[in-house]
Amino acid sequence: MSKRQTVRKAVVIFMFFLFPITISWLSPAMPVLYAAFAGVVTGAVIVFVLQFFTSLFLGRVFCGYACSAAGLQECMMRVSDKRIKSTKINNIKYFIWVPWILSIVAMFILYGGIEEIDFSAGTVDNWIFLTDLYRYAIFFGVIFLIAALHLSVGRRAFCHCVCWMAPFMIIGMKVSDLLRLPRLRLKANKDTCISCQQCTKKCPMSLDVRTMVKTAKMKNSECILCGECVDICPKKAITYKFTSKS
């Protein structure tokens with residue numbers, strides 16, 4: 001394992017252990033509840049907005065290098081390393097995301113608009129989330145969902161199917177392309193590729209990286225820029241580039 005991957009995995013696993021604290025800022029429920037009853041823009045809303053804006057220049061780096069759910073799924077790959085073969089499941093998250101976004105907007109409109117911005121809204125006892133049985137049930141329910149999807153569907157199935165944060169970054173990347181903004185991307189030299197398939201086998205998002213390299217089309221909305229393919233390639237056919245060209 002390369003030094004970069006050792007550090008990356010250590011970081012996401014550490015973020016998973018911080019999940020009892022950070023869950024309030026990653027929760028899909030907090031923005032709806034506080035919009036409805038208090039007109040408050042919560043820390044979670046701020047985080048989601050930041051994910052959109054950072055994705056304009058960094059793509060889905062958050063998913064590969066900082067996500068708490070990624071840490072659990074990295075650990076789960078020791079138990080099951082099954083690849084996901086169908087791309088159809090990638091669309092499921094949008095059937096969750098669109099009604100969720102509309103409900104947040106509707107709540108703010110129905111209950112009088114934005115009253116305040118409070119980054120700590122929804123957190124208690126020095127910002128620790130797990131303070132009662134109800135919150136423990138929510139936390140372990142999320143953990144169970146992530147693990148169950150990984151075991152039953154395949155690698156990082158939670159990211160493919162359910163994640164409410166991924167669409168913010170995917171939309172951000174599309175806006176970035178439209179505006180031709182420079183962004184961190186993967187670039188491939190198809191002439192160097194020896195078709196060893198190591199990049200495809202290693203990809204945690206089950207992408208057909210070898211075909212992407214051979215066609216020199218590395219653009220994929222499900223790519224989390226983790227760099228596994230970059231580091232495993234024996235011929236260094238894949239590299240990171242900060243460029244506006246897809």
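FYI, it's all coordinate maths here, none of it is from the lab. Everything numeric here is computed off the predicted structure, so don't read it as measured data. We place every Cβ from the backbone using ideal geometry, glycine too, and count neighbours over all the protein chains shown.
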A correct fewest-to-most ranking of V45, V209 by other Cβ atoms within 10 Å would be V45, V209
Dipole magnitude of the chain about its Cα centre (Cβ charges: Lys, Arg +1; Asp, Glu -1), debye to nearest 20 | 1820
With Cα coordinates, the longest principal axis of the chain makes an angle with the long axis of helix 43-58, in degrees rounded to 10, of 20
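What percent does the relative contact order of the stretch 1-48 come to when contacts are Cα pairs within less than 8 Å and at least six residues apart?
Relative contact order here is 30 percent.
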Pairs K214/K236; K174/K245; K82/K174: which exceed 21 Å Cα-Cα?
-> K82/K174
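Relative contact order of the chain: what whole-number percent is it, with Cα pairs under 8 angstrom and at least 6 residues apart? Write down the numbers at each step before the final one.
Values: 387 pairs, mean separation 65.1, N = 246.
This gives 26 percent for the chain.
Could you give the length gained by full extension between V49 and K174, i.e. 0.36 nm per residue of separation minus their alpha carbon distance, to one decimal place?
Full extension from V49 to K174 adds 43.5 nm.
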Volume per residue that the Cα convex hull of the chain spans, once the total is divided by residue count, Å³ = 129
Here the net charge surrounding M169, from other residues whose Cβ is less than 12 Å away from its Cβ (Lys, Arg +1; Asp, Glu -1), is +3
Signed unit charges on C-beta, dipole axis of the chain, positive-most listed residue M212, F139, V153 | M212
Exposure proxy check: C203, C75 ranked by fewest other beta carbons within 10 Å?
-> C75, C203
Evaluate the Debye formula for the stretch 182-243 with equal point scatterers sitting on the alpha carbons, no solvent, and hand back log10 of I(q)/I(0) at q = 0.19, 0.22, 0.27 Å⁻¹, in q order, two decimals.
-> -0.58, -0.79, -1.25
For M30, M173, order by how many other beta-carbon atoms lie within 10 Å, fewest first | M30, M173
For S246 and A148, calculate 0.36 nm times their separation in residues minus their Cα-Cα distance, and state this gained length in nm to one decimal.
-> 31.8 nm
Pairwise FRET efficiency - D191 versus F17, Cβ, R0 = 45 Å, nearest 0.05 = 0.55
Contour excess over end-to-end distance, with Cα ends at I114 and F57 and 0.36 nm allotted per residue = 17.7 nm
Take every DSSP beta bridge whose two residues both sit in the chain, then give the antiparallel share in percent to the nearest 5.
-> 70
What is the percent of Cα-Cα separations in the stretch 25-103 that go past 19 Å?
-> 55
Local net charge near A38, Cβ-Cβ under 10 Å (Lys/Arg +1, Asp/Glu -1) | -3
